[in-house]
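The values are calculated or read from the model by the stated rules, or taken from the named source; none is laboratory data. These numbers were taken from a predicted model, which means no experiment stands behind them. Cβ atoms come from the backbone with ideal geometry, glycine included; neighbour counts cover every protein chain shown. Accessible surface areas use protein heavy atoms only, side chains included; no ligands, DNA or RNA. Shrake-Rupley method; radii C 1.70, N 1.55, O 1.52, S 1.80 Å.
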Amino acid sequence: MIVTTEGNETLNIKLFSDSGLSTQVGSTSTITIVDTSKTPSYSITPSATSINEGSTLTTSVSTTNVAANTTLYYSLSGTGITSADFSSGALTGSGTVDSDGDFSFSHTLANDLTTEGNETVDIKLFSDSALSTQVGTTSSFVILDTSKTPTYSISTSASTINESETLTTT
């Protein structure tokens, strides 16, 4: 449900004796229609601002002046962010606002063992399934890359040896 705040409106009721509406009979009755709608607000709060690969992030959405059972849609995006960054949870989805104006969704970050550096993920909320009408402000979190490129080293007991001598390597 989309709520439109438009301010108070005036309705004038007049009675006419002819179909051309040129001869008014009686006085005009005026009614003020008081606008009781309120502007909706939306808040997106991830459970962490930075989180390690392999951990689960829960995102809470809180609304005010949004009707219960309203469906809202979300997207997760960012540079280099793909569905492979998550072992559970999709890049887009929806939730239904409860009677308190809230809903939440969770994602588990893939522990992909690929060294790619930290990645920033933007969470956006939309009022339509086409994800074209954003509501609220974008919220972000950082995936901390826990994968490390392996390093290898070989050391020897000597840099030169004579034939028949033993060389130790570690």
Scanning the stretch 96-120 for residues that are closer than 30 Å to Ala68 by Cα, assigned to a loop (DSSP other than H, G, I, E, B) and either touching a His at 6+ places or on another chain (Cβ under 8 Å) or open to solvent by less than 60 Å² (accessible area, probe 1.4 Å) (or both) gives Val97, Gly101
Cβ-Cβ under 7 Å pairs, at least 6 apart or on other chains, the stretch 37-52 side closer than 30 Å to Asp85 by Cα and outside any strand (DSSP E or B), far side open to solvent by 30 Å² or more (accessible area, probe 1.4 Å) and basic (Lys, Arg)
none
For Asn118, all conditions in the list (1) under 16 Å from Ser50 (Cβ atoms); (2) at pLDDT 95 or above hold save one; what is the number of the exception?
(2)
Is it the case that some residue within the stretch 83-95 is among the polar types (S, T, N, Q) and open to solvent by less than 40 Å² (accessible area, probe 1.4 Å)?
no
Please go through (1) among the β-branched types (Val, Ile, Thr); (2) open to solvent by less than 60 Å² (accessible area, probe 1.4 Å); (3) part of a loop (DSSP other than H, G, I, E, B); (4) under 17 Å from Val142 (Cβ atoms) for Val66 and return the number of the only condition it doesn't satisfy.
(4)
Filter the stretch 21-36 for residues that are in a loop (DSSP other than H, G, I, E, B) and open to solvent by 60 Å² or more (accessible area, probe 1.4 Å); which is modelled with the lowest pLDDT?
Thr36
Selection count, the stretch 121-170, where residues are more than 48 Å from the chain's Cα centre (by Cα) and not in a loop (DSSP other than H, G, I, E, B)
2
Examine the stretch 69-82 for a residue that is under 30 Å from Thr36 (Cα atoms), part of a loop (DSSP other than H, G, I, E, B) and either in contact (Cβ under 8 Å) with a residue 24 or more places away in the chain or among the β-branched types (Val, Ile, Thr) (or both), and state whether such a residue exists.
yes
For the condition of a type in the set (Val, Ile, Thr), under 30 Å from the mean Cα position of the chain (by Cα) and closer than 17 Å to Val97 by Cβ, what is the one hit in Thr36, Thr63?
Thr63
Residue pairs, Cβ under 9 Å, 6 or more apart or interchain, first in the stretch 145-158 and in contact (Cβ under 8 Å) with a residue 60 or more places away in the chain, second open to solvent by less than 80 Å² (accessible area, probe 1.4 Å) and among the hydroxyl-bearing types (Ser, Thr, Tyr). List them.
Asp145/Thr114; Asp145/Thr115; Ser147/Thr114; Ser147/Thr115
